[in-house]
Amino acid sequence: MVVPTLLSAFLVWVVLVGVGVERDVRVLVLALMLAALVFGLVLDYGRRSDFWRSVSRAVGDAADDALAVSDLVEEPGFAEGKVCWQALDAVSREGYARATSAMREASEYREYIEAWVHEAKTPIAAARLIVDNNPGKVSSDISRELIRIDGYVEQALFYARSATVDRDYSIREVMLRDIVSDALRAHARTLIDAGMSVEREGLDVPVFADPKWVAFILGQLFENAAKYRAPEGSSRTPSLRLLASRDSVGEARELVLLRVEDNGLGIEPQDLPRVFDKGFVGKNGRLGGQSKSTGLGLFLTRRLCGKMGLGVSIESEPGSWTRVTLAFPADRSHYVDYLD
């Protein structure tokens, strides 16, 4: 813009000199042309700076969805801005297309897993019925393995559900006692075989949660407690303690805390920060008969708690105890995005 305008001013000056126009008039004409140039530059700078500032703001506003930047910025009128905006728009369209495709594939995968789980549970149930009707040591051993298989099938189902953005859980008010009872009933065989005593205290409190999801989470904790119980010959009788209490009563952040504590092997300090990582089994998981641990139980526990808006934490003393705490916010408004 500057060079053509200056060139035009020079040519006008030459023409005016050639036709004999007075110097004062020539200076006035040149001054007007230069003033127009400056005014145009100021306007152009304003348009450009407004565009780049809007891009900067859009990037900040769309921090969680960078693909939305082009939707938050109007297409500018100058060449460089058009190129930038068109590039952003192209990236946005391609990104949304890929995201939509990925979501569709994830949904199809979840549907496949759910169908597979449904089909797999049928022969498992049939096999357990046959075993129950033919009591004996071999049948008892087979039943124990069928329970393990059923547990892995459940893990596959909840893993598939937790990996999608679909909301396939139902948050409602339910008594914590009922959820715990269902979970204990489902894992009774495992706890009995492990010789574990169970103590319950303070569970007559209502919480907001999906009962099936929380029962699954508790099941993972029960299985870990049985798997990593105190070794045979130890002076400690394997035990599992479930204690519910209220925290920050009367405050906006009031919680119902459910502590699930066992007196088993405990967790080494260097392993504790990683126990919620996917596939992590730690020292205990690599010992002897526990070498086949999947490392998914606590990973799914944290992921499912996050989906329901619950808190989860873990503490442990190696060789003594492990305590997992589930935190249920008591304020109904906390679940405004989760409730049916």
Review point. Of all residues in the stretch 328-340 being in a loop (DSSP other than H, G, I, E, B) and surrounded by fewer than 18 Cβ atoms within 10 Å (Cβ to Cβ), which is modelled with the lowest pLDDT?
Key: 340
**Study point:** Odd one out for residue 194 among (1) among the hydrophobic types (A, V, I, L, M, F, W, C); (2) closer than 24 Å to residue 266 by Cβ; (3) in contact with a strand residue (DSSP E or B) (Cβ under 7 Å, 6 or more places away or on another chain)
**Key:** (3)
Review point. Looking at 194, 188, 226, which one is surrounded by fewer than 14 Cβ atoms within 10 Å (Cβ to Cβ) and modelled with pLDDT under 95?
Key: 188
**Study point:** Per-region count, the stretch 98-123, residues aromatic (Phe, Trp, Tyr) and surrounded by 14 or more Cβ atoms within 10 Å (Cβ to Cβ)
**Key:** 1
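Would you say residue 324 is under 15 Å from the mean Cα position of the chain (by Cα) and of a type in the set (Val, Ile, Thr)? Walk me through how you get there before you give the answer.
Values: under 15 Å from the mean Cα position of the chain (by Cα): no; of a type in the set (Val, Ile, Thr): yes.
The answer is no for residue 324.
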Check your understanding: What number goes with the only condition from (1) crowded, with 18+ Cβ neighbours inside 10 Å; (2) touching a Pro at 6+ places or on another chain (Cβ under 9 Å); (3) assigned to a loop (DSSP other than H, G, I, E, B) that residue 293 does not pass?
Key -> (2)
**Study point:** Near pairs, Cβ below 7 angstrom, 6+ apart or cross-chain, from the stretch 141-169 (aliphatic (A, V, I, L, M)) to any residue that is surrounded by 18 or more Cβ atoms within 10 Å (Cβ to Cβ) and modelled with pLDDT of 90 or more
**Key:** 147/190
Practice item. Being over 32 Å from the mean Cα position of the chain (by Cα) and of a type in the set (S, T, N, Q) narrows it down to one of 170, 143, so name that one. Key: 143
Revision key, fill the gap. Scanning the stretch 277-327 for residues that are at pLDDT 90 or above and of a type in the set (Phe, Trp, Tyr) gives 299, 321
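The values are calculated or read from the model by the stated rules, or taken from the named source; none is laboratory data. Because the structure is predicted, anything quoted here is derived from the model rather than measured. With ideal geometry, Cβ positions are generated from the backbone for all residues, glycine too; neighbour counts draw on all protein chains shown.
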